[in-house]
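Bear in mind that the values in this text are calculations on the coordinates, not laboratory data. Just so it is clear, the model here is predicted, and its values are computed rather than measured. Because the Cβ atoms are built from the backbone with ideal geometry, glycine has one as well, and the counts that use them run over all protein chains shown.
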Amino acid sequence: MIRSTCLRSIGSMLRLFGVTFFLIVAFLRVPVATQPVLSVSPTSLTLQASKGTNVPTKTIQVTNGGTGTLKWSVVAPTANWLTVSPTSGTNNGTLSLTFRTSTLAAATYQTSFQVIDNSGSVVTVPVKVTISAVTTLTVACPANKTVASSNGSPVAVTYSVTTSGGVAPITVTGTPASGSLFPVGTTAVTVAARSSDGQTATCGFSVTVTYSGSTTTSTTYGPRSTIACPAGAIDVWPGVSKIGRASCRERV
């Protein structure tokens, strides 16, 4: 009887202790909404460069998607051709990636670095760099063009150019641009190409717009200051007369 009573008492105490412990834990638990959330963008990089050049500096954003204080740090890449800075920060920040690829041979290289926050979250950022053999950028313009204007007005002229070498993407700019209106006469066109590795090339040609229409109206009628008399006629006022006209009459 005594043992049974003791067991019931111990059970009650354990149940009371469990409820109390649960209430304490629930009270001390930090709401999820106030916890920091690590976010990194972009989460990977794929880049290219020509042999003998450095990949331009890139940036990566570190942001806190939660409401608590986010403390983060960077685990540096093992490759010696990439440096990431700063190596730590609080809440939002910008990572600057500096590349030293000018001494690398033509090939594809890969490495990665990590961003870790104070709660243990880890974001791994892979970086891939392709080094291409250097090829000289060239741009070829079309031959000089000649087009006719039917009424003397400017004419729309289109043209195309070709490029080779360099590193894609390659931008091409023509001045005046293809499809522009070219006036009567000769206009010089200059084309400039730029490769993503910094190479530039130019070429040029001319566009000539012709107009064969007459701009004056002539007639054989009315007074004229000079006149060629036909055979057998008398030149009444040879040369230029004082009244500004010439005349012939038939010989009798």
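Points to keep in mind about this one:
- Yes/no for V115 being touching a Cys at 6+ places or on another chain (Cβ under 7 Å), touching a residue at least 60 places away in the same chain (Cβ under 8 Å) and part of a strand (DSSP E or B): no
- Residues in the range 55-72 that are closer than 29 Å to S102 by Cβ, touching a Ser or Thr at 6+ places or on another chain (Cβ under 7 Å) and not hydrophobic (A, V, I, L, M, F, W, C): T57, T59, Q61.
- Matching residues in the range 76-88 - criterion: being farther than 16 Å from S41 by Cα and in contact (Cβ under 8 Å) with a residue 24 or more places away in the chain: A76, P77, T78, A79, W81, L82
- The residue of the range 82-103 that is surrounded by the most Cβ atoms within 10 Å (Cβ to Cβ), among those that are touching a Phe, Trp or Tyr at 6+ places or on another chain (Cβ under 7 Å) and among the small types (G, A, S), is G89.
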